[in-house]
Every structure is written in structure tokens, then in C-alpha cells.
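Student: Below is the structure I would like to discuss, written out as C-alpha cells.
The values are calculated or read from the model by the stated rules, or taken from the named source; none is laboratory data. Owing to the predicted nature of the structure, the values given are computational and were not obtained by experimental measurement. Please note: Cβ atoms are built from the backbone with ideal geometry, for glycine as well, and neighbour counts cover all protein chains shown. What goes into the accessible areas is simple: the full protein's heavy atoms, side chains included, and nothing from ligands, DNA or RNA. Shrake-Rupley method; radii C 1.70, N 1.55, O 1.52, S 1.80 Å.
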Amino acid sequence: MTESRSAVGAGGAPGNGYDVSDDVVAVVEDTDLPRRLKDEVYGTVESREDVTVEEADEIARAVEARYLDTRVDPLDPVGTVSAQSIGEPGTQLTMNTFHYAGVAEIDVTQGLPRLIELVDARKTPDTPMMTVYLEDEYATEREKAHEVVWKIEATKILALGDVSTNVADMRVQISLNRDTLEERMITPEEVAEIIEDSLGVETVQNGAAVEFGPEEPSYRDLLQLVEELREITFKGIEEVSRVVIRREEVDDGEEFVLYTEGSAFGDVLSIEGVDASRSTCNNIHEIHRNLGIEAARETIIEETNDTLKEQGLENVNVRHLMLVADIMTNRGEIESIGRHGISGSKDSVLARAAFEVTVNHLLNAAIHGEVDDLNGVTENVIVGKPIKLGTGDVDLRMGSTGR
Amino acid sequence: MVDVSQHELVPEHTVLDEEILEDVLEEYDIDRTDLPKIKRTDPALPDEAEMGDVVKIVRDSRTADQAVVYRLVVD
């Protein structure tokens, strides 16, 4: 697989940090091992003491042989193996949609529906959420953390005060709660202005009281205005309906972390106090838009892995998930596995037809006069030829060699 | 504007020199169009990268400490 190649680590002079002789370093560096395994060998040699160069060489060779053994063979059907390795544990996933993830009291889609959502590359997940980390003092002081919460969580009118309709005068009356306004850092003047801008009505603001009404006295218009008023986002991000603030342990003490219901990743990253280097989101498309294809790939691996882990299936090898993520991001944008994505863009007509909506594919192929070169697995199974995998793709040729 | 390259999910992207690219393609025995792609509009792409360039990406890998991959910049 792609990641079997390795590069020398950034901080890494060979044998760095290990008490081993230069000769040992020389024999170990001479092997084809990746950095991490070399370090492992250094560690072992160091802890055993009195290891001769010959012994070190023997150890290194043995590890190398074992390492080369575990690599994928040429013509191995890695895709099929991955499909099976994810598919089998997939049968044990819950079909139950809702279950809160981890510790935060936020509902997140789990199990099979989440896995399907990921490989289908849905535009928006069922339950979008963000994990927002905070910077410096915002992360340690509850007050400061709350400032950020108010900038993210959508504030509707019902959170700010009471709304009543005066049918006699055809007026909507709002009595704002001073404490709440102060806490959320918004003034009655601002509230009145936002109402004017979004509803197109004249407002009368007097202290904490704001009132307005329809131009023509009409009972229907009045109710309509109240409906619209409830929809206005006065502060925060419209998509984010709720923010949960949690205190979490970190290496050097504790920090506040925000979990949100709903996501607007791009907007959140530019908010002051938000740590734009750690915050994440469970919508792979938002990650792709804001952080690029490589981050999207990383998120696909992370999210599929977490989904499986959550269900107690942690022994699915991460390489299979990496392969899925590699394929999904291969063309520089996120493609779904399945009829509308990877499987639907296969070269072979027969392979596509075998996957889903058989008749449509065959009909279209006939109309366009498509030709099938029979290079893939599925189409060769269909026509009964050996598939080009493993020993099936090795040709023997007989001939004489000149003596 | 947020500096995308600082995010922990974003690995280091650097534009690859043409000569080094030749070596890479030779080693794998492929054409540059066989490489995985990256969009020109990708936020993590270095500013100087243009269409047809190849970027070298050094990922922190789950299986090999660090992994080097290449992507061709496309429209």
C-alpha cells in the first residue's frame, strides 16, 4: 500500500537518542526498514546491553525479513480484501441511528447509518457537529469560553425575552431580559435594528421594550410577523442550534472544549478565540472546502475508524480504511463509493451493470456502442475467464535460451 | 483569513522540482497523470503552485511514521 514507503523523520539523525554504537547504527540503517521499526531495533539493542555488531546485524536482518514478509504481494486484490474486512464487522454494527457519542450530551449518528453516510459522501451528515477547541485564556476561563459560545450558538428571540401579541392595537411586543442581553453582549438597539432589517417593519424601542406591527392592521400579517420573528438569528451562527461546553483534562491542566449541534466550520475557524489548528467537524465536505483534500482524507479515516471503535470493532486494520479514504479522495475531490461515485465510473460496462441498476447500464452502453476490454475482476467472472489477480495475471512463456 | 497549513489535519504541501519529479515518476514507472490529483482551488495548496505542477505531501502516517505522497495539480 502507499504508506509502506517511509521517509527519514524530521528530527532524525539515525540512531538519535539511543545509546548504541556507530557500527550498530550502520548495520540497522542499511536495512529497508521504516524509521519507526529502526527505532524499535535501536531500543531493543540498547536495553539488552552487550549486543555485538554481528548480533545487531542478525536482529536487524530478521526484523527486515519479517517486515518484507508482511507487505502486500504484487497482484494482491487489496480492494476486495478491504471490502470484506470492513463488510464483515459491518454486519455487527447497530442499525440504531441515535446514540450520543463519547461523553458530550449531543446526539450523533452512530453505527451503520454513519458508516453508510461516510462512504456515500453525503452533502450533509444526519447530525452535523463540530468540536471547537479554544485558544489560551479562552480555554482556561469559563467567562471567556462563554464569550465564544455566544458567538457560535444561534440566539433566537425567545432566548432574549418574552414576545406577546397585542391583538387590540395590532402590535407585537417584546420585553427583553436585561441580564440575558448583557450576558450575550447585545443591546436593545441592536435587537430593534436587526428586526427592522430582517422584517422590513418600523420598530419602536424604549429601554428593554421593543414593539412593532404590520403596516395595515391585519390579523394574518400580525401572526405572520411573529412567526418570522422567531426565525431570526440575532447573534451567532444560524446553523448551530446548541453548544455544549465541557471541561477536559489535558497534559498541563484542564481546558474548555465546545461541542456544537449543527456545523458551519468555515465561519467558526475565523472567530476570535477559536483554535483554528485543532478544531474539527464531522462533515467531510466542510473539511474539504476549508482545509483541503488531504485533511478530508484524514477525516474520513478518523471518522470511519471512530465509528467502528465506538461499536467495539477496533480490530479492523486501519489500512483498509486508509485505502477507502485514498480512493475517495484520489481525484482531488470527495467521491462516494457506489453507483454515483467510484463504482459508477468504472471503465467496464459489465462491472457497472453487475453493481446496480443493471438494465440502465446495459441499455446506455448499447446506445453509445461501448466496448468492454475485460480487464477487471467482475467482467471476467461474468464471461468465465481467469481474473487478472494473483497467479491469474502471470503469463508463462516457453522458449529456448542460447547456450 | 485562517492559515490553513497550521491545522493539525493538514500535512505539509510543497511544490516539487521538475528534476526530482522525473526521478519519482521513474521510480514508480508511471506518468504524471497517473498520480492522485489535487484541485487548483484546494485551500491547502501553496500559493506558488500552478496547474500541472506536482506537490509533495509529507503525512504523519498511522502505519509508517511519515509517508510521502504526490498529487498533481488539476483544474
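Student: Of the residues that make up segment A:321-329, is at least one open to solvent by 50 Å² or more (accessible area, probe 1.4 Å), within 14 Å of another protein chain (Cβ to nearest Cβ) and not in a loop (DSSP other than H, G, I, E, B)?
Tutor: Initially, segment A:321-329 is screened for residues open to solvent by 50 Å² or more (accessible area, probe 1.4 Å), giving A:327.
Still in the list and also within 14 Å of another protein chain (Cβ to nearest Cβ): A:327.
Among the residues that remain, those that are also not in a loop (DSSP other than H, G, I, E, B) are: A:327.
Looking through segment A:321-329, at least one residue is open to solvent by 50 Å² or more (accessible area, probe 1.4 Å), within 14 Å of another protein chain (Cβ to nearest Cβ) and not in a loop (DSSP other than H, G, I, E, B).
Student: State which residue pairs qualify: first residue farther than 18 Å from A:D22 by Cβ and inside segment A:53-64, second residue open to solvent by less than 50 Å² (accessible area, probe 1.4 Å) and not in a helix (DSSP H, G or I) in any location, beta carbons under 8 Å apart, and separation of 6 or more residues or different chains.
Tutor: A:R61/A:T31; A:V63/A:T31; A:V63/A:L33; A:E64/A:T31; A:E64/A:L33
Student: Among A:D267, A:D275, A:D252, which is the only one that is on the phi < 0 side of the Ramachandran plot and in contact with a strand residue (DSSP E or B) (Cβ under 7 Å, 6 or more places away or on another chain)? Outline the logic, then answer.
Tutor: Working: A:D267 fails: in contact with a strand residue (DSSP E or B) (Cβ under 7 Å, 6 or more places away or on another chain); A:D252 fails: in contact with a strand residue (DSSP E or B) (Cβ under 7 Å, 6 or more places away or on another chain).
Every option except A:D275 fails the conditions.
Student: Okay, next question. Show the residue pairs that are 6+ apart or on different chains and have beta-carbon atoms under 7 Å apart, the first residue being within segment B:39-60 and on the phi > 0 side of the Ramachandran plot, the second being open to solvent by less than 100 Å² (accessible area, probe 1.4 Å) and part of a strand (DSSP E or B).
Tutor: Hits for this filter: B:G52/B:V73.
Student: Determine which single condition B:G52 fails, assuming it passes every other condition in (1) within 27 Å of A:H320 (Cα to Cα); (2) more than 12 Å from every other protein chain (Cβ to nearest Cβ).
Tutor: The number of the failed condition is (1).
Student: Can you name every residue in segment B:49-75 that is closer than 18 Å to B:L9 by Cβ, open to solvent by less than 30 Å² (accessible area, probe 1.4 Å) and touching a strand residue (DSSP E or B) at 6+ places or on another chain (Cβ under 8 Å)?
Tutor: B:V55, B:I57, B:R59, B:S61, B:A67, B:V68, B:V69, B:R71, listed by residue number.
Student: Given the conditions (1) buried (at least 19 other Cβ atoms within 10 Å of the Cβ); (2) more than 20 Å from the chain's Cα centre (by Cα), which single one is not true for A:A264?
Tutor: It fails just one condition, (2).
Student: Additional query: Only one of these conditions is not met by B:A44: (1) within 11 Å of chain A (Cβ to nearest Cβ); (2) out of contact with any helix residue (DSSP H, G or I) (no Cβ under 7 Å at 6 or more places or on another chain); (3) modelled with pLDDT of 90 or more. Which number is it?
Tutor: (2)
Student: Next up: Out of the residues in segment A:66-90 that are of a type in the set (A, V, I, L, M, F, W, C) and modelled with pLDDT of 90 or more, state the one that is surrounded by the most Cβ atoms within 10 Å (Cβ to Cβ).
Tutor: Per the criteria, the residue is A:I86.
Student: When segment A:277-291 is examined, which residues are found to be open to solvent by 10 Å² or more (accessible area, probe 1.4 Å), farther than 14 Å from B:T41 by Cβ and facing chain B (nearest Cβ under 9 Å)?
Tutor: A:S277, A:R278, A:T280
Student: May I ask you to verify whether A:E182 is within 27 Å of the chain's Cα centre (by Cα), open to solvent by 40 Å² or more (accessible area, probe 1.4 Å) and either of a type outside the set (K, R) or closer than 25 Å to A:R278 by Cβ (or both)?
Tutor: Numbers: within 27 Å of the chain's Cα centre (by Cα): no; open to solvent by 40 Å² or more (accessible area, probe 1.4 Å): yes; either of a type outside the set (K, R) or closer than 25 Å to A:R278 by Cβ (or both): yes.
No: the conditions fail for A:E182.
Student: For segment B:25-41, which residues satisfy the criterion of being within 13 Å of chain A (Cβ to nearest Cβ) and either modelled with pLDDT under 90 or in contact with a strand residue (DSSP E or B) (Cβ under 9 Å, 6 or more places away or on another chain) (or both)?
Tutor: B:E27, B:Y28, B:T33, B:D34, B:L35, B:P36, B:K37, B:I38, B:K39, B:R40
Student: Listed residues A:D267, A:D197; which is closer than 18 Å to A:L134 by Cβ and in a helix (DSSP H, G or I)?
Tutor: On the way: A:D197 fails: closer than 18 Å to A:L134 by Cβ.
Every option except A:D267 fails the conditions.
Student: If you take the residues in segment A:234-261 that are small (G, A, S) and out of contact with any Lys or Arg (no Cβ under 8 Å at 6 or more places or on another chain), which one is surrounded by the most Cβ atoms within 10 Å (Cβ to Cβ)?
Tutor: Within segment A:234-261, the subset small (G, A, S) is A:236, A:241, A:253.
This time we only want the ones that are out of contact with any Lys or Arg (no Cβ under 8 Å at 6 or more places or on another chain), so: A:241, A:253.
Values: A:S241: 13, A:G253: 8.
Restricting to residues being small (G, A, S) and out of contact with any Lys or Arg (no Cβ under 8 Å at 6 or more places or on another chain), the top hit is A:S241.
Student: I'd like to know if segment A:30-49 contains one or more residues that are within 14 Å of another protein chain (Cβ to nearest Cβ), among the acidic types (D, E) and surrounded by 15 or more Cβ atoms within 10 Å (Cβ to Cβ).
Tutor: So far as segment A:30-49 goes, yes, one or more of its residues are within 14 Å of another protein chain (Cβ to nearest Cβ), among the acidic types (D, E) and surrounded by 15 or more Cβ atoms within 10 Å (Cβ to Cβ).
Student: Looking at A:V132, A:V163, A:V149, A:V108, can you tell me which residue is closer than 30 Å to A:S218 by Cα, outside any loop (DSSP other than H, G, I, E, B) and in contact (Cβ under 8 Å) with a residue 12 or more places away in the chain? Step through it out loud before you land on a result.
Tutor: Working: A:V132 fails: closer than 30 Å to A:S218 by Cα; A:V149 fails: closer than 30 Å to A:S218 by Cα; A:V108 fails: closer than 30 Å to A:S218 by Cα.
None of the other options fit; the residue is A:V163.
Let's see how each residue does on (1) open to solvent by 20 Å² or more (accessible area, probe 1.4 Å); (2) at pLDDT 95 or above; (3) out of contact with any helix residue (DSSP H, G or I) (no Cβ under 8 Å at 6 or more places or on another chain):
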| position | (1), (2), (3) |
| --- | --- |
| A:E310 | yes, no, no |
| A:S343 | no, no, no |
| A:R352 | yes, no, no |
| A:V357 | yes, no, yes |
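Student: Could you list, in sequence order, all residues of segment A:185-202 that are surrounded by 19 or more Cβ atoms within 10 Å (Cβ to Cβ) and free of Cβ contacts under 8 Å to residues at least 40 places away in the same chain?
Tutor: Hits for segment A:185-202 are A:P188, A:A192, A:I195.
Student: Identify, please: which residue in segment B:5-48 is within 14 Å of A:A296 (Cα to Cα) and over 15 Å from the mean Cα position of the chain (by Cα) and is, among those, least open to solvent (accessible area, probe 1.4 Å)?
Tutor: The extreme case among them is B:H7.
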